[in-house]
There are 2 protein chains.
Amino acid sequence: MGPSVSGVGVIDKATQVLDALEEAPRSLSELVAVTGFSRATAHRLAVALELHGLVRRDEEGRFALGVRLIALGRAAAEAIPLASAALPALEALRDETGESVQLYVRQGDRRVCIAALESPHGLRTIVPMGASLPLEVGSAGKILSDASNESVGTESSPNRRPWVESVGEREAGVASVSAAVAGPDGRALAAVSVSGPIERTTRQPGRRYGDAVVAAARHIETAAGLA
Amino acid sequence: MGPSVSGVGVIDKATQVLDALEEAPRSLSELVAVTGFSRATAHRLAVALELHGLVRRDEEGRFALGVRLIALGRAAAEAIPLASAALPALEALRDETGESVQLYVRQGDRRVCIAALESPHGLRTIVPMGASLPLEVGSAGKILSDASNESVGTESSPNRRPWVESVGEREAGVASVSAAVAGPDGRALAAVSVSGPIERTTRQPGRRYGDAVVAAARHIETAAGLA
DNA sequence: ATTAGCGTCTCGCATACTGAGACACAAGAA
DNA sequence: TTCTTGTGTCTCAGTATGCGAGACGCTAAT
């Protein structure tokens with residue numbers, strides 16, 4: 001293996017084990033194959049993580065992500081004031097549009113949902129808190145991709161509207177529209193989204209909900225003391 | 001520091017950092033005080049965890065649990081078939097009793113909520129998925145304490161009823177009743193609970209809901225293929 | 001103006017981690 | 001049924017890594 005990326009090689013390896021288990025429970029041999037570690041190293045790391053509850057064994061003896069991560073994930077979400085500050089605005093947006101709403105932040109080359117409220121309709125999109133999605137697809141992904149490259153809303157930005165829509169990108173039959181929740185420097189800290197089935201949102205969800213999403217983003221910035 | 005508890009000292013230390021941050025965001029100095037590590041060590045570990053998204057800096061520059069934990073927590077919950085298998089029985093229990101219901105598993109000397117449904121009443125208890133609570137208080141804690149020591153339901157068990165109730169233990173004004181979800185060997189794998197304000201549950205929630213909770217535990221065992 | 005405390009970084013040294021290989025057992029192949 | 005292969009677990013000699021005292025720059029407190 002090459003030099004440590006973080007300065008602590010064991011942490012690099014331990015997080016590779018967790019990443020490998022995020023996809024599915026794995027036998028030791030699968031873990032060795034996926035991570036490239038020697039069998040002794042993969043075993044030692046997985047058992048150490050198991051002792052701390054970050055990994056567990058499933059009914060078939062395979063390594064799986066442990067219950068401690070559920071508690072830590074909850075605590076992580078609670079420690080993000082943006083998520084709790086956003087809740088009133090998310091509730092108002094869900095009530096006004098009748099569709100499911102989410103708040104995402106960027107995590108490397110992906111986005112993670114840090115708050116979610118579901119539509120009362122029987123047919124609705126469900127993105128649970130904690131869901132991790134790629135940046136390449138979906139309107140929120142595009143908002144958060146921009147965040148690393150340039151400020152949203154400047155003249156040079158390809159995005160001249162204050163919202164982005166997508167139709168059938170993340171999932172067939174689903175459309176969404178998102179707006180940036182900007183920090184003091186103008187960069188997108190988060191993306192607020194409305195999503196639902198195309199048959200209700202239409203193929204132009206931006207026309208239908210864009211103003212409401214942008215207004216919700218402004219309310220969130222105010223509630224979080226960002227503007 | 002003494003010898004490693006898990007066989008990998010860095011993982012022991014890294015999880016101590018995460019545990020310290022679970023309570024609240026902390027400055028580096030606070031992290032040093034809480035963990036007992038040298039400042040250089042605490043800094044190096046926190047920055048390494050930050051690089052992997054397990055830790056982040058809040059607006060004040062303090063270390064806090066990172067967004068990656070939300071995604072891992074979600075994946076951990078999804079990998080527990082018991083939680084998804086339990087949902088129909090939890091829904092039925094919530095509908096029958098009108099109160100909030102939860103499913104807990106044991107995590108060391110604590111219990112973690114792996115599934116939760118809330119009562120439709122305005123006044124209701126809220127235990128979010130991922131919530132981590134001590135074993136010493138609350139009916140579910142007692143169910144899961146027993147799990148390590150002896151099989152629930154044997155003659156030697158202090159618990160002769162198939163459910164346990166508590167009144168005002170975890171939180172003033174709240175009562176709950178729980179039953180064990182047992183594995184093939186009779187040990188409690190999980191605890192299913194009904195909880196609500198004392199004014200609705202009365203001071204004898206067991207008389208009111210005990211049968212329903214036990215029936216739900218049986219349904220969960222069947223749905224999960226444990227019985 | 002001075003001192004104390006903070007976060008970040010360096011680098012010599014001690015030790016903790018690595019991984020080849022052994023072992024026991026189960027599963028698969030002949 | 002017997003033999004072979006694959007699995008999970010464990011050991012231990014060697015070495016690469018992580019540790020922490022101390023330096024540094026900056027900010028806050030005195």
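Brief remarks on what is shown
- For the protein assembly as shown, the gyration tensor built on C-alpha atoms gives an oblate shape. Its axis ratio a/c (a ≥ b ≥ c) is at least 1.5, and a/b is not larger than b/c.
- Here B:LEU123 yields copy-to-copy label distances, from shortest upward, of 4.1 nm, the label point defined as 7 Å from Cα along Cα to C-beta.
- Sites matching GluC sites (Glu not before Pro) across the range A:1-86 that sit in DSSP coil, with at most 11 neighbouring C-beta atoms within 10 Å: A:GLU60
- Amide proton proximity set for B:SER100, modelled H, under 5 Å, gap of 5+: B:SER119, B:THR125, B:SER195
- Per-residue shielding of A:22-32, expressed as the average number of other chain Cβ atoms within 10 Å of the residue Cβ, stands at 1.
- Starting from the label point of A:ASP19 at 7 Å along Cα→Cβ, the same points in the other copies fall at 2.7 nm, in ascending order.
- Surface burial for A against B, with a 1.4 Å probe and both sides summed, reaches about 4000 Å² of accessible area.
- Loop-resident trypsin sites (Lys or Arg not before Pro) (DSSP state other than H, G, I, E or B) in the range B:164-209 with no more than 13 further Cβ atoms inside 10 Å of their Cβ: B:ARG203.
- Two-site label geometry, A:LEU28 and B:VAL5: point separation in nm, points 7 Å out along Cα→Cβ: 2.4 nm
- Within 10 Å of the Cβ of each residue in B:57-68, the mean number of Cβ atoms contributed by other protein chains is 5.
- Each residue, A:SER84 and B:LEU87, gets one label point 7 Å from its Cα in the Cβ direction; the gap between the two is 2.8 nm.
- For the segment A:96-108, counting C-beta atoms of other chains within 10 Å of every residue's C-beta and taking the mean gives 1.
The values are calculated or read from the model by the stated rules, or taken from the named source; none is laboratory data. Keep in mind it's a predicted model, so treat the numbers as computed, not measured. Positions of Cβ are generated from backbone atoms using ideal geometry, with glycine treated the same way; all protein chains shown enter the neighbour counts. The area values use the complete protein model at the heavy-atom level, side chains included, leaving out ligands, DNA and RNA. Shrake-Rupley method; radii C 1.70, N 1.55, O 1.52, S 1.80 Å.
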